[in-house]
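Report on the following structure.
Every number here is computed from the coordinates shown, using simple stated rules; none is lab data. Bear in mind that the values here come from a model prediction, so they are computed numbers and not experimental data. Cβ placement follows ideal geometry from the backbone for every residue including glycine, while neighbour counts extend to all protein chains displayed.
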Amino acid sequence: MENEWNYEDPIEEIYAIRRLISERYGHDVRRIAAAARERMLREEAAGTRKYVHLPNARIASAMV
């Protein structure tokens with residue numbers, strides 16, 4: 001993400017980034033989550049990154 005931001009307070013930069021991400025996906029949390037999942041699957045398939053997969057909560061409670 002190339003930009004010319006010059007924030008004195010780091011939290012303001014974080015808010016700006018969050019706004020940009022939200023705007024990119026139409027302020028829809030489900031679209032943001034779907035895009036993140038697609039990116040994760042793409043990176044795993046390419047072998048560029050590994051992610052931890054936790055068991056489903058229903059399965060985890062049965063394992064105790």
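Side notes on the structure shown:
- The HN-Hα couplings worked out from phi for the stretch 38-45 by the Karplus form 6.51 cos²θ - 1.76 cosθ + 1.60 (θ = phi - 60°) are 4, 5, 4, 5, 5, 5, 5, 5 Hz, whole numbers, x standing for Gly and Pro.
- Over the chain, dividing the summed -39,500 (n - 2.57) contributions of all DSSP H runs of at least 4 residues by the number of residues returns a 222 nm mean residue ellipticity of -20000 deg cm²/dmol.
- Compared with the dominant Cα axis of the chain, that is its longest principal axis, helix 10-24 is turned about 70°.
- Dipole magnitude of the chain, debye to nearest 20 (Cβ charges: Lys/Arg +1, Asp/Glu -1, about Cα centre): 680 debye
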